[in-house]
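One structure is given below, encoded as structure tokens.
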Amino acid sequence: MMRQVRTGGGWPAVRYTFSKAREAGGLWKLWKAMRSKNACKTCALGMGGQQGGMANERGVFPEVCKKSLQAMVADMQGAVKPEFFKTYSIPQLQMFSPRELETSGRLTLPVIHRQGENYYQPISWEDAFARIIAKLAPADAATKPNIIDRAVTAAPAASPNETFWYFSGRSSNEAGFLLQVFARVFGTNNVNNCSFYCHQASGVGLGSVLGTGTATLVLEDLEHADLVFIIGGNPASNHPRLMSTLKHLRRRGGHVVVINPIVETGLVNFSVPSDPISLMFGTKIASLYVQPHIGGDLALLTGIAKRIVEMQAHDEQYLTKYCDHWPQLKAQLASLDWAEIYQKSGVNADAIQAIATRYAAAENVVFTWTMGITHHTYGVENVEAIANLALLRGMVGRPHAGLLPIRGHSNVQGIGSMGVTPQLKEALFERLESYFGLQLPTTAGLDTLACMEAADRKELKFGFCLGGNLYGSNPDATFASQALGKLDLLVYLNTTLNTGHAHGLAKETLILPVLARDEEPQSTTQESMFNYVRLSDGGPARHVGPKSEIEIIATIASGVLGNQGPIDWSLMQNTNRIREAIAKVVPGFEQIKDVGETKKEFQLAGRTFHTPHFPTKTGKAQLRVHSLPELVGGPHELRLMTIRSEGQFNTVVYEDNDLYRGIEGRNVILLHPEDLDRFHLQPGQKTTIRSQTGEMTNIIATSFEKIRPGNAAMYYPECNILVPRSADPRSRTPAFKLVLVTIEPTKVPDMTKSPALVRLR
């Protein structure tokens with residue numbers, strides 16, 4: 001193990017900034033890039049936009065974090081060298097780590113791989129478009145304009161429902177809207193985004209309770225809270241800008257309750273580099289840190305609710321007036337046995353009492369959570385239980401309190417708002433048909449996991465990935481590679497290489513290089529997790545070759561559908577024209593029409609709840625009653641959760657070492673010393689990890705006292721081979737955070753019995 005730091009942020013973050021500046025060509029060059037008027041490329045907390053880079057959506061400066069620096073420097077890389085794809089074969093690329101692929105350089109030329117060949121080959125933009133269009137065009141496509149008369153794939157064209165369309169959260173609202181409209185006009189509802197593998201459970205859970213799937217508060221509300229819950233997340237590593245807000249909260253005398261099976265260094269103490277006092281002396285973050293077992297969250301949250309009612313700290317008047325089903329929830333809480341709660345959560349009476357006491361004493365409470373809550377087969381119920389707990393004391397529907405799912409990708413929420421989901425909301429569906437004069441498909445459509453399973457059944461022929469890493473985001477990596485391999489054509493739009501380009505290969509695979517957000521020739525918009533729409537100005541391209549996502553989408557749509565129908569796709573390369581359509585079609589986005597000219601960013605109406613009236617059928621919040629799931633895991637098993645390191649963002653790995661946890665390398669399993677003893681293992685010993693889905697060998701057993709005994713952690717996406725395709729039935733979010741595994745020493749072959757050695761004797 002490497003030396004573990006005692007605080008998050010601090011001087012290591014300052015030194016890291018200078019090292020990244022050298023990679024980017026100098027501090028001044030990086031400073032100019034970071035200060036450009038473009039929304040942050042990493043998380044959805046809201047940095048950048050017209051407030052300028054390194055400022056939040058309220059204009060507070062400086063607001064910056066390592067994640068934003070890492071993403072910016074990655075986009076400032078030099079181009080992939082011309083000989084790269086001639087040098088490295090597919091088997092060699094499959095040996096690359098996620099970091100090695102990411103740092104190979106910026107993609108600048110389209111490339112194609114054909115099944116049976118060992119190398120990617122360069123291809124012109126014209127030929128790339130021709131192959132895509134021919135795969136999607138109907139039988140009379142030869143009579144349409146913009147179809148390029150060149151050699152194209154020999155496989156038959158794909159019918160609409162033999163295609164799927166996958167969207168990353170780093171794309172713009174304009175690109176997301178344009179592509180989902182194209183897919184539906186083409187004739188399919190197989191439209192889905194990366195949120196199905198992360199926060200879809202949040203949207204479904206919040207929607208079932210409150211009638212909305214997003215945060216109920218604005219940034220200013222968070223800054224007035226006197227208690228913040230951080231449940232199943234590690235924002236010190238994944239959303240570092242939140243730590244500045246928590247620093248201010250602690251200085252005001254407020255409290256932070258952290259619920260996480262791992263004690264994370266940055267959530268105990270964090271040194272905010274932009275604050276001299278915090279930088280020098282650090283800031284205590286967690287007032288109370290509670291470690292449930294992996295999978296124990298629902299039992300713990302229900303137990304806290306039960307204790308609040310027993311203490312008579314709940315708001316009976318609020319619950320009666322503004323909530324449905326309070327009598328049912330009250331009866332269920334009263335009937336629950338405390339012994340069951342303790343056993344299924346792994347948390348004792350004293351810890352639950354300590355949480356309840358702090359909650360009962362607080363006046364303005366914000367509940368935050370991330371994928372430690374959503375990545376379960378009962379992820380939606382976890383979210384509903386958090387909402388129940390907030391509603392018990394009337395912490396939803398008033399200023400300075402509420403619910404905040406901490407989302408990852410900077411525009412994953414905006415992509416959802418643009419209608420990137422298999423089933424459109426009724427209002428959006430009707431407006432889309434009316435505005436464009438369309439008749440849209442009404443088939444159910446497939447979510448992300450369903451698309452993968454349909455591809456494996458050979459029911460799909462074509463996939464289109466607008467950014468992201470679909471292969472790397474999937475559970476059961478072996479299955480993901482197998483399923484994608486059965487497609488006729490798979491198209492990736494990316495700025496850099498990722499593991500999907502090496503392992504997620506169809507019969508034909510195209511990689512199309514795209515411009516980064518701050519290189520777009522036109523302005524685009526993004527939506528923060530606080531429902532705030534930001535404007536990115538774009539900027540000069542760093543390389544010759546990449547195209548904007550919007551240009552690529554419009555060109556393909558024009559070639560497939562022509563320009564004589566209800567939509568002239570040749571005109572849809574203009575973001576102002578796209579925003580005009582968004583303003584007419586997407587409820588709440590009326591102000592987006594003129595944002596390119598006015599530069600006036602705005603808060604979406606109807607999503608922030610400062611009064612207790614909710615967009616449900618009754619106008620009231622819908623409390624939910626749940627049974628408590630069993631705490632799974634036998635005496636010879638471990639509960640494994642996937643984690644991200646301090647040096648990565650989602651599937652993108654920027655650094656192989658995990659500074660905050662003191663872990664060197666990623667080929668490790670983190671185990672409490674008690675579990676090392678239980679399985680008769682030594683620290684540093686090579687082990688074999690098995691699940692119902694797969695196995696990994698030569699994984700280094702690492703002693704890690706800060707994880708709850710009986711639980712283990714491994715790095716995502718490398719350990720996805722172990723994650724089964726078990727999913728929450730309501731959100732279809734896979735259970736990355738609760739995988740039962742066994743562990744044993746890796747058996748070393750007895751080389752003395754090798755036939756080769758025998759012959760030598």
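Just so it is clear, none of the values below were taken in a lab; they were calculated from the coordinates. Every value quoted in this text rests on a predicted model; they were computed, and no experiment measured them. Reconstructed Cβ throughout: ideal geometry from the backbone, glycine too, with neighbour counts over all protein chains shown.
Cut-off 18 Å, label point 7 angstrom out along Cα-to-Cβ of S97: give me the residues of segment 639-660 whose amide nitrogen falls inside. In segment 639-660, the label zone of S97 (backbone N under 18 Å from the point 7 Å along Cα→Cβ) covers 643-660. How would you classify segment 200-406 from its alpha-carbon gyration tensor, with a ≥ b ≥ c the square roots of the eigenvalues: rounded for a/c under 1.5, else prolate if a/b is greater than b/c, otherwise oblate? Note, shape of segment 200-406 comes out prolate.
The simple Förster model, with R0 at 22 Å and r as the Cβ-Cβ distance, assigns D315 and A349 a FRET efficiency of 0.40. Size estimate for segment 8-75 follows the Kirkwood approach: the inverse of mean 1/r over distinct Cα pairs works out to 11.9 Å. If I take all pairs of Cα atoms in segment 638-751, what percentage of them are more than 21 Å from each other? Of all Cα-Cα pairs in segment 638-751, 36 percent lie more than 21 Å apart. Taking segment 289-314 and a reference point 7 angstrom along Cα→Cβ of A361, the backbone N atoms nearer than 20 Å belong to 289-291, 304-314.
Remark: segment 681-691, residue by residue, has Karplus-estimated 3J(HN,Hα) of 10, 10, x, x, 6, 7, 10, 10, 10, 10, 10 Hz, where x stands for each Gly or Pro and the curve is 6.51 cos²θ - 1.76 cosθ + 1.60 at θ = phi - 60°. The alpha carbon radius of gyration of segment 517-591, expressed as a multiple of 2.2 N^0.38 Å, is 1.23.
Normalised by the number of residues in the chain, the mean separation of alpha-carbon contacts (under 8 Å, six or more apart) gives a relative contact order of 21 percent. When the chain is described by a simple charge dipole with +1 on each Lys and Arg Cβ and -1 on each Asp and Glu Cβ, the residue from S274, Q312, F84 located farthest towards its positive end is S274.
Here the Karplus relation 6.51 cos²θ - 1.76 cosθ + 1.60, evaluated at θ = phi - 60°, turns the backbone of segment 106-111 into coupling constants of 6, 6, 10, 10, x, 9 Hz, with x for every Gly and Pro. For segment 204-290, rounded, prolate or oblate, judged on the Cα gyration tensor with a ≥ b ≥ c (square roots of eigenvalues), a/c < 1.5 rounded, else prolate if a/b > b/c? Verdict is prolate for segment 204-290.
Among [x] 45; [y] 41; [z] 37, find the value of percent of Cα pairs over 38 Å apart that was calculated from the structure presented, and write down its label. The value computed from this structure is option [z]. Rounded to the nearest 500, the 222 nm mean residue ellipticity of the chain from helices alone is -9500 deg cm²/dmol, with -39,500 (n - 2.57) taken per DSSP H run of at least 4 residues.
About the Cα centre, and with charges only on the beta carbon of Lys, Arg (+1) and Asp, Glu (-1), how big is the dipole of the chain? Nearest 20 debye, please. Dipole size: approximately 1040 debye.
Distances between placed amide hydrogens fall under 5 Å for R106 paired with G78, A79, V80, all partners being 5 or more residues away or on another chain.
The packing ranking of peptides 170-181, 693-704, highest mean first, is 170-181, 693-704, where packing means the average number of other beta carbon atoms within 10 angstrom of each residue. Each DSSP beta bridge with both residues in the chain is either parallel or antiparallel, and the antiparallel ones are about 40%. The HN-Hα couplings worked out from phi for segment 255-261 by the Karplus form 6.51 cos²θ - 1.76 cosθ + 1.60 (θ = phi - 60°) are 10, 10, 9, 10, 10, 6, x Hz, whole numbers, x standing for Gly and Pro.
Its Kirkwood hydrodynamic radius, worked out from the mean inverse distance over all distinct Cα pairs, puts segment 451-588 at 16.9 Å. Toward the positive end of the charge dipole of the chain, with +1 on the Cβ of Lys and Arg and -1 on the Cβ of Asp and Glu, the farthest Cα among Y378, A24, V560 is that of A24. In a simple Cβ point-charge model (Lys, Arg +1; Asp, Glu -1; nothing else charged), segment 200-406 has a dipole of about 380 debye relative to its Cα centre. Projecting the Cα atoms of T702, T733, L638 onto the charge dipole of segment 638-751 (Cβ charges, centred on the Cα centre) puts T733 farthest toward the positive pole.
When each of the peptides 252-258, 435-441 is scored by how many other beta carbons lie within 10 Å of its residues on average, the order from highest to lowest is 252-258, 435-441.
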